Amino acid sequence: MYDLIIIGGGPAGSGAGRQAGKMGLETLLIEKEVFPRYKACGGAFSEHAISYLDFAIPQYIQEKNIFGARVHFKGRVIEKHKEYRISTLVSRSTLDNYLLQKAKETGIEMKMGEKVLDFKENQDSVIVYTHDNAYKAKFVIVAEGSQGRLKNRIRRKDTKGEYGICLVTEIEEDNEIIDNYIHNAIDIHLGVAKRGYGWIFPHEKYYSVGIAGIAKELSNPRRRMKDFLAANGFTGNYPVNAHVIPIGGIKRNILSSRVVLSGDAAGFVDAFCGEGIAYAIRSGQIAAEVISGIILYGKSLSTLNDYKSICEAEFGENLKYSLILSKIMHQFPGIFFPIFTSNEDVIDKYLEVPALKKTYKSYLKWFLPRIPKYLLV
Ligand SMILES: Cc1cc2nc3c(=O)[nH]c(=O)nc-3n(C[C@H](O)[C@H](O)[C@H](O)COP(=O)(O)OP(=O)(O)OC[C@H]3O[C@@H](n4cnc5c(N)ncnc54)[C@H](O)[C@@H]3O)c2cc1C
């Protein structure tokens, strides 16, 4: 009988694993892939995400420090840089592998290359089934990401208005050419997809290029991706990966009596910019902290509900206001996208959000009263 089984070894699973290991829980983490594995992602690892780690990220993982953004909309372009770093670009295969090693060094057990097929919740335990084995634990954290189906034992499936579709490819290029294209900033293209955007991120020796948009409005996504690539001068035949992403800020059930969802499985993703790594790490940590309170300090089983309230208190508001900003912007793109691509302050202040210097709420509070003035210009 383990204290805890964690399903999935992405940022949510490794965040939970490291926290559980540090607190001394008998923990088993089960991951279906053998790491390092590919993960479809833009790879923007924000200061917000880094702030949750109790260790430094080695230089070799940090491919490019990002200080700013260049934003495009219908021929308008604006670029703004901060004097401090807002994120670093990483390859997820390398980052996730490192985060998992940091979880492993706390002494937790891991099974790699073993897919969890199902789990069954009993009164005093949970049984987790893989192809060849069954494992038993007092608690389970489902950190399977956005594409797994185990989470739907706890919460209903998202509708097409509650998740996004992303397409992404990695395009090799010389560092010098990349650096000439864009320097220490990310490239964002508004108007490419409803409730989403297109991106070109300058990594070490490759660009991450992709589009994302709300599923119910993104018809023919592969065609749109091809058009986006061509419009930006990428005319080769690139392998494109498709992935879904939950839209955060929507109320979802995230726990039962012994099972907790964290990261993408819980729907914890910024609806405006798609940032999910920060919320995955932190929600995994919170889940492990709450479970250790029950196991190590004899708190009642109902204390598991604290997971929901702590997540809500720490980042619920940020997810809610990122959803509000996304809805406002995309409801009236003809008004807001030109504002976003003509007023330096609007971008300048927004960059403070991933840098953890501003919340979405304080950004909106600053932004909304300024709208009429800009519209008159
Ligand atoms: C195209 C794209 C671009 C993105 N860009 C960014 C970005 O630039 N910055 C950012 O912060 N966020 C970004 N995100 C969001 C970010 O990738 C996710 O929010 C983050 O990966 C969530 O972490 P997670 O641990 O919850 O899930 P994941 O990272 O998906 O990890 C889940 C893990 O569980 C494993 N697993 C799944 N099912 C099982 C099973 N049944 N048994 C065992 N193991 C299982 C998987 O193999 C995987 O390793 C992007 C997402 C997409 C799709």
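Accessible area per residue of the stretch 144-286 at 1.4 Å probe, in Å²?
It amounts to 41 Å² per residue over the stretch 144-286.
Projecting each Cα onto the charge dipole of the chain (Lys/Arg +1, Asp/Glu -1 at the beta carbon, about the Cα centre), which of F228, S87, I254 comes out farthest on the positive side?
Result: I254.
Which of these, I214, I277, I295, has the largest mean-square fluctuation under a Gaussian network model of the chain (Cα springs below 10 Å)?
Highest fluctuation of the listed residues: I295.
Restricting to DSSP H runs of at least four residues, report the calculated mean residue ellipticity at 222 nm for the chain, -39500 (n - 2.57) per run over all residues, nearest 500 deg cm²/dmol. Display every interim value, and only then the final one.
Numbers: 12 runs with 119 residues, N = 377.
Result for the chain: -9000 deg cm²/dmol, rounded to the nearest 500.
Mind listing the phi-derived Karplus ³J(HN,Hα) values for the stretch 289-306, rounded to whole Hz, using 6.51, -1.76 and 1.60 with θ = phi - 60°, and x for any glycine or proline?
So the J values, rounded to whole Hz, are 5, 5, 5, 5, x, 6, 6, 8, 10, x, 5, 6, 4, 5, 4, 4, 4, 4.
The stretch 15-85: which GluC sites (Glu not before Pro) are DSSP loop and have at most 12 other beta-carbon atoms within 10 angstrom?
When the GluC sites (Glu not before Pro) of the stretch 15-85 are filtered for loop state and at most 12 Cβ neighbours within 10 Å, E83 remain.
Three principal axis extents, largest first, for the C-alpha atoms of the stretch 18-88, in Å?
Result, largest extent first: 55, 27, 21 Å.
Over the chain, what is the relative contact order in percent, taking alpha-carbon pairs closer than 8 angstrom and at least six residues apart?
About 22 percent, as a whole number.
Spelling out what I want: for every residue of the stretch 350-361, take phi, set θ = phi - 60°, compute 6.51 cos²θ - 1.76 cosθ + 1.60 (Karplus), and round to whole Hz; glycine and proline get x.
Once rounded to whole Hz, the list reads 4, 4, 6, 6, x, 7, 6, 9, 9, 8, 4, 5.
Amide H of I186 versus every other amide H placed in the peptide plane: which residues, excluding those fewer than 5 positions away on the same chain, fall under 5 Å?
Close amide H contacts, sequence-distant or interchain: G68, A69, R70.
Amide H of T130 versus every other amide H placed in the peptide plane: which residues, excluding those fewer than 5 positions away on the same chain, fall under 5 Å?
L117, Y135
Taking every DSSP beta bridge that has both residues in the chain, what percent is antiparallel when rounded to the nearest 5?
The antiparallel fraction comes to roughly 70 percent.
Sort out for me the Cα centre separation of the stretch 78-119 from the stretch 16-59, rounded to whole Å.
So the separation of the two Cα centres works out to 4 Å.
Relative contact order of the stretch 92-235, please, whole-number percent, based on alpha carbon pairs below 8 angstrom and at least 6 residues apart.
16 percent
How large is the dipole of the stretch 91-247 about the Cα centre if only Lys and Arg carry +1 and Asp and Glu carry -1, each at its Cβ, rounded to the nearest 20 debye? Write down the numbers at each step before the final one.
Working: 23 positive and 21 negative charges, 219 e Å.
It works out to roughly 1060 debye.
Anything over 30 Å Cα to Cα? Flag those among K138/K160; K102/K151; K80/K361; K115/K138; K194/K361, in the order listed.
Working: K138/K160 34 Å; K102/K151 25 Å; K80/K361 21 Å; K115/K138 20 Å; K194/K361 22 Å.
Table pairs above 30 Å Cα-Cα are K138/K160.
Could you run the Karplus curve 6.51 cos²θ - 1.76 cosθ + 1.60 with θ = phi - 60° over the stretch 247-254 and give me ³J(HN,Hα) per residue in whole Hz, x for Gly and Pro?
Those phi angles translate into 8, x, x, 9, 5, 9, 6, 10 Hz.
Tell me the trypsin sites (Lys or Arg not before Pro) within the stretch 244-317 that lie in a loop according to DSSP and have at most 10 other beta-carbon atoms within 10 Å.
Sites meeting the loop and neighbour criteria: K251.
When the chain is fully extended, how far beyond the present Cα-Cα distance does R153 get from D227, taking 0.36 nm per residue of separation?
22.8 nm
For Cα pairs less than 8 Å apart in space and 6+ apart in sequence, what is the mean separation divided by the residue count of the stretch 224-371, i.e. the relative contact order in percent?
Details: 130 pairs, mean separation 28.6, N = 148.
Answer for the stretch 224-371 is 19 percent.
Would you please give the residues with an amide H less than 5 Å from that of G145, counting only those at least 5 places away or on a separate chain, with H modeled from the backbone geometry?
Excluding prolines and chain starts, which carry no amide H, the hits are D264, A265.
The values are calculated or read from the model by the stated rules, or taken from the named source; none is laboratory data. The shown structure was predicted, so the numbers you read here are calculated from the model rather than taken from an experiment. Counting neighbours? That spans all protein chains shown, and the Cβs are built from the backbone with ideal geometry, glycine included. Note: areas computed on protein heavy atoms with side chains; ligands, DNA, RNA excluded. Shrake-Rupley method; radii C 1.70, N 1.55, O 1.52, S 1.80 Å.
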